[in-house]
Structure formats: structure tokens, C-alpha cells
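Enquirer: Sharing a structure with you now.
Only the coordinates and a few stated rules stand behind these numbers; no lab work does. The model shown is predicted, which means the values in this text are computed figures rather than measured ones. As a convention, Cβ positions derive from the backbone with ideal geometry for all residues, glycine included, and neighbour counts pool all protein chains shown.
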Amino acid sequence: MIYMRIILASTSILLTMTPALSSAQDSALSAEFGWVSLLPPLIAIGLALLIRQVIPALFAGIWIGAWALTEFSARGLLTSLMATADTFILEAIAKPDHAAVMLFTLLVGGMVGVISKNGGMLGIVDRIIGFAGTVRRAMVSTVAMGLAIFFDDYANTLVVGNTMRPISDRLHISREKLAYLVDSTAAPVATIALVTTWVGYEVGLIRDAVAGIPGLELNAYMVFLNSIAYSFYPLLALTMVFAVVGFARDFGPMHAAETRARRNGQVAPPTTASAKTADDMAEVQPDDGIARSARNAVLPILVMVFGVVAGMFITGEGDTLRAVVGSADPYKSLIWGSLLGSLLAIALSVGHGVLSLSTSVAAWFSGARAMLYAILILVLAWALSGVTDMLGTADYLVSLIGDRLHPGLLPTLVFIVAAATAFSTGSSWGTMGILLPLMVPLAWALMTASGMNGVEHMPILYATVAAVMGGAVWGDHCSPISDTTILSSMASQCDHIEHVRTQLPYALSAGMIAILAGALPAGFGVAWWICLPVGVLAVIGLVRGLGRKVQRT
């Protein structure tokens, strides 16, 4: 089975890749490097799945990409090795948006360290365990929290994963299952909810794309709203989560992971990376005699969540909620919220006499240190994206679509291209940033050339927009170099490759159903209210028929 997944992953990579500018210079780069630009992510992802070690695999991909930029010269073999660190990794760290994500991750990790040490996290566990006393209820609670924290995927994964992990561990739910539930209720929700950090970015891209089409006047937010009905993968991915939890059935490697956890109590996969993270968090377990007060954890988490929301209103501008969120700075908001959460966690610990100031600070550093492994993976993934950006692969592969296609095929092809791009770059936002400005005008041009630019054919345009966003999330779920996937692994303290390996069959299944029951028929005029129920029934039938219940003995 693992070889089949490697073949599927490699096939997806051969379709498309990474961020590039749609300028004449990038087009020249695409023509110059051609298929060679596929090597860095192909090597990185394939090697990661083979050796189950993502850091050396990512480093190898960056090195190969840097070497390709020197046209594989003998001297370039050494200079590209140096450039891997002094250029690509350094630039990945120095980019303000990337630095903001790293700082946010460290601040959240530090906050988790403090609220674990002061007994607050165990207090939450004691409260939730009253309801979530069974495996199914614990999973339902995890999904409910994932849906509740809908406004940002980063905040979602880190809060839900860290909060529910002690509960899932106590009930012998595998870390792989927890990571899947966290990952699959983060980006799918953030990309289609009405007011999120994602939606502001998406609407901005749609607005710019529509503005570049002569004679076409559409409200960008209305285009987004109409596209939600055609966002088949996010909706079917959520359906998959509900079906897996509702039927208590699993298939593929996830069933083996759940069986291991139930029978042996071994919730984490037996890997070095998981053990190291667990050792880091073991340092912040509360001492004997410390009261388990949920307040010491709930208040910092709520302050962080509301701090992020308040930051969006402070940094945003406009007269409407949509305008404010669309113009907000999500990175500043995340930093502000997590900083306030960390400070309050320390203040409560010291103020209530639970911990001394020195112990609180030490716990903060222990929690932050537990995040360093995932941050290193994030930095290397960003560096790989930088290499592929210089290789100009996206324009090269997008050009293969051509302008002589039937418009009805466009949503399906765009969905596949977006998925492969996100899979190869690990960035949903980068994928949307590349493809929405390209695919919206292409869809309109194909519709006009075929005489299908009337109101009755607008679903093709909406489906194309949805295909970019849904395909980006699909590729993100399947990719071992995706930032959200990495954060989900980290927050759940699950080995990253094991998370990808166990989630992949679910994501691939939902993606294929999204194509066959959604994007393809919708492109040829089948109404979304027919496609979506068919897709939902197909997902439910798949889980019901293919899934198996986990037996404890």
C-alpha cells in the first residue's frame, strides 16, 4: 500500500507545482527549466514517504533545486549546498509573514507549557471528560471545537490539538486520529466560512482577477458566496470527518493506528520525533498537589482567541464586517492574541500562587521548545517553495492546459492543478495566489469563445473559483510539506509522516469523489444541489462499506 501512495503522490506532482510570477521573466524561466523544475518537490516528497524522515528529505529537495539553478554544474554541486542555507533557508526565516507564523507558534507553545504546568490543562480535561467520557464523544468534542474556531486555521490546529490531546490520550485514541480530526476541520472550514482570515485573502484575489477582465463587472464577495456551493472538496472532507466519527469506522493505516492505541494503549506512533516532543512536554506536567483549575487554562485560551478577533478589527478598515476582515492583517492579529494569552497564563499562575515567576518562565520555554521541531520543518518547506518559485514551474505547467479546452472540463482540470501545486509547495495561500489571477480570466475567455458567457453559464466561473480553493486544500491535506499539516502534527504530538500516511487515504478518497461527483458534472451543467448530495452519499457509503470498527481485544 505504501508504494501505491508513493506512486499516487508522484503522479500528482507531475501535474503542477509552486508559486511563480506571471511575468515574461517567469515564462522564460519556465521554458528554460521545464520538467527539471519538478525534481525538487518530487524528491522531497517521495523521499519523505520512503524514509519517513521529513527534515533530510526537505533539505535534499532544496539542494537539488538550488543545484538545478546552476544547471547541474560540477561547481554548482557545492555552491548550491551553501546556497541552501545562506540563501533559501535564510530568506525563508527572514520573510515577515513567515517570521510571524514562527513567533505565533512559539507564543502558543509557551502558553501551552504554562497552562500545562499550572494544572489548567488537566482542569479542562477533568471538565470535558464528564461529557467526553467515551471515544466517540471525545471525537465529537474535537470536531465541535474545530468548527467553533473557524476564523483561522493556524489558531484552530494549535488550540484544538493541544487542548484535546490529553483527553484523547486518556481514552486511547491514536495521535494519528487526533491529528486527522484537527487537520480536516481547519482549512476546510476556514476556506468556506463567511468571515475568516482566508476569506479576506480569497476575495481580494477574486476582485483583482475580475477587475482584469474587460467588460465583466461582478462583486467579488458575491462570486465567493456563489462558489461555496461548488466547494466540493472542503464540504466532502468535512462529511468524511462526520462519517468516520459517526460510524466509528476507519480504513487504511488509520485503522491499524487506532487498533494499536486501543489494544496496547500506545497512542503515539513509535518514532523518534514523537518521543522527543513527548519528552519536551513531559517537563511541563504539573507537580503533585497543584490544584487542577480549568480557569487557569480557559482564560488564556479565550483571551488569545478574542485577541486574534479583536486584532482583525483593529488592523482592518471598512464600513462592513466583510470589508474589515478582508483588509485585516491576520499575522499581527495572531501575534497579538497569542502574546496576550501567554502573558495572562503567567500572570494567573503567579497571581494565584500556583507557580513562581521563575517556574512559569521555565515552563513557557519548555512549551516553546517543543515547537522547534515543527518550526524547522516549516522553514525547510518554505525554503523549498522559494526554490521552486525561482524555477518558474507554475507558469510552465499551467500553460499546458492551453486555451482550446471545452469550458466544462476546466473546473476539473483546475482542481487537479491546484491540488498538485499545493501538494508540491505546501502552501494553500500560495496556490490560490498563483492560480486565481490566471484561471478566472482563462475561464471567462473559454466561456466567451464557446458562446457560454451568459448568466445561465456563470456556474462554470463559480466552479472554477471553487476548484482553485478546494484543490488547494486537497493538495494541502495530502502534502507532507504543508504548513497546516505540519502544525496539526505538532499540536497533536504525532509523528508528521505518520499523520500524512494515515490521513492520505481519507483525503484522496474525498478528493476523487469531489472530482467524479462534483467538479466534472458541475462543469457540464449539472446543478450543485444534485452534485453535492450525490457526493455526500458517496462519502458516507465509502466509510460505511470500507471502514471497519476498531476492536479493543
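Enquirer: What does the C-alpha gyration tensor say about the overall shape of the range 82-236? Classify as rounded when a/c is under 1.5, otherwise prolate if a/b is larger than b/c, or oblate.
Expert: Taking the square roots of the gyration eigenvalues as a ≥ b ≥ c, the range 82-236 is oblate.
Enquirer: Taking other Cβ within 10 Å of each residue's Cβ, how do ASP208, ASP389 sort, fewest first?
Expert: Working: ASP208 13, ASP389 23.
By the 10 Å Cβ count, ascending, the order reads ASP208, ASP389.
Enquirer: Still on this structure, I have one more. Taking θ = phi - 60°, what integer Hz values does the Karplus form 6.51 cos²θ - 1.76 cosθ + 1.60 yield along the range 489-501, in sequence order, with x for Gly and Pro?
Expert: 4, 5, 5, 8, 6, 10, 3, 5, 5, 5, 4, 5, 5
Enquirer: Please state the shape class of the range 57-171: rounded when a/c is under 1.5, otherwise prolate if a/b exceeds b/c and oblate if not, all from the C-alpha gyration tensor. Let's see the in-between values first.
Expert: Values: a/c = 3.40, a/b = 2.79, b/c = 1.22.
It comes out prolate by the Cα gyration axes.
Enquirer: Given labels modelled 7 Å from the Cα in the Cβ direction, how far is it in nm from ARG544 to ALA310?
Expert: Between ARG544 and ALA310, the label points sit 4.8 nm apart.
Enquirer: Now a separate question. Separation between the GLN266 and MET222 pseudo-spin-labels, each 7 Å from Cα along Cα→Cβ, expressed in nm?
Expert: With each label point 7 Å from Cα toward Cβ, the separation is 5.9 nm.
Enquirer: Now a separate question. Need one word for the range 70-129: rounded, prolate or oblate. Basis is the Cα gyration tensor (sqrt eigenvalues a ≥ b ≥ c); a/c below 1.5 gives rounded, then a/b vs b/c decides. The partial results should precede the final answer.
Expert: Numbers: a/c = 5.17, a/b = 3.61, b/c = 1.43.
Prolate, since a/c reaches 1.5 and a/b exceeds b/c.
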